[in-house]
Amino acid sequence: MNRLDLAFDYGVFAESFETSVPWDRVVVLCRNVRDRILKESESYGLAHQPFISYRVTQTYEVGACIYFYMGINTRGLPDPVHVYEELEAAARDEILACGGSVSHHHGIGKIRKRWLKQSVSSVGLGMMRAIKEYIDPNNVFANGNLMI
């Protein structure tokens with residue numbers, strides 16, 4: 001058999017996502033995000049419980065960067081991409097609810113932009129728009145990646 005991708009051959013979607021959080025919230029955030037993914041996954045009829053793990057990858061005086069790893073078995077799901085995206089969105093909602101950031105170093109981009117206003121406030125978003133309009137009046141750079 002010619003294997004192109006072992007995970008796809010076995011119906012697995014997996015990805016990582018990261019956040020930063022103050023030290024006093026690390027344990028609660030990790031536990032709550034794991035529990036939220038498991039709870040949300042019940043409504044999608046997954047054949048197997050999602051794989052979820054996390055680790056601290058960078059440390060600072062004020063907090064840490066945490067990487068989450070999530071994988072789901074997609075067999076039998078009519079729209080596995082949608083299911084994965086919904087589980088990741090629930091995880092990001094929980095991260096923000098627990099005091100984590102929408103991203104640590106991967107930026108915002110198209111996937112995370114719906115959480116931007118919640119993360120930086122209306123004033124912060126206005127400042128970002130003003131800078132973007134000033135340095136990129138023709139909207140050439142990162143077109144559609146960030147501003148909502």
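Which of the residues spanning segment 77-96 are closer than 14 Å to Arg112 by Cα and β-branched (Val, Ile, Thr)?
Ile95
List the number of the failed condition for Ala130; all other conditions in (1) surrounded by 16 or more Cβ atoms within 10 Å (Cβ to Cβ); (2) not in a loop (DSSP other than H, G, I, E, B) hold.
Failing condition for Ala130: (1).
Which count do you get for residues in segment 35-86 that are open to solvent by 40 Å² or more (accessible area, probe 1.4 Å), closer than 15 Å to Ala7 by Cβ and either more than 16 Å from the chain's Cα centre (by Cα) or among the β-branched types (Val, Ile, Thr) (or both)?
Summing the residues that are open to solvent by 40 Å² or more (accessible area, probe 1.4 Å), closer than 15 Å to Ala7 by Cβ and either more than 16 Å from the chain's Cα centre (by Cα) or among the β-branched types (Val, Ile, Thr) (or both) in segment 35-86 gives 3.
Could you list, in sequence order, the residues of segment 16-52 that are in a helix (DSSP H, G or I) and in contact with a Ser or Thr (Cβ under 8 Å, 6 or more places away or on another chain)?
Residue satisfying the conditions is Leu29 alone.
Given the condition assigned to a helix (DSSP H, G or I), touching a residue at least 12 places away in the same chain (Cβ under 8 Å) and touching a strand residue (DSSP E or B) at 6+ places or on another chain (Cβ under 6 Å), answer yes or no: does some residue in segment 84-97 qualify?
yes
Take the conditions at pLDDT 80 or above and over 30 Å from Gly45 (Cα atoms) and apply them to Ile95. Does it pass?
So Ile95 fails the test.
Among residues belonging to segment 105-127 that are in a loop (DSSP other than H, G, I, E, B) and either without any contact (Cβ under 8 Å) to a residue 40 or more places away in the chain or in contact with a Gly (Cβ under 8 Å, 6 or more places away or on another chain) (or both), point out the one that is farthest from Tyr60 (Cα to Cα).
Ile108
The values are calculated or read from the model by the stated rules, or taken from the named source; none is laboratory data. These numbers were taken from a predicted model, which means no experiment stands behind them. Heads up, the Cβs are rebuilt from the backbone with ideal geometry, glycines too, and the neighbour counts pull from every protein chain shown. The area values use the complete protein model at the heavy-atom level, side chains included, leaving out ligands, DNA and RNA. Shrake-Rupley method; radii C 1.70, N 1.55, O 1.52, S 1.80 Å.
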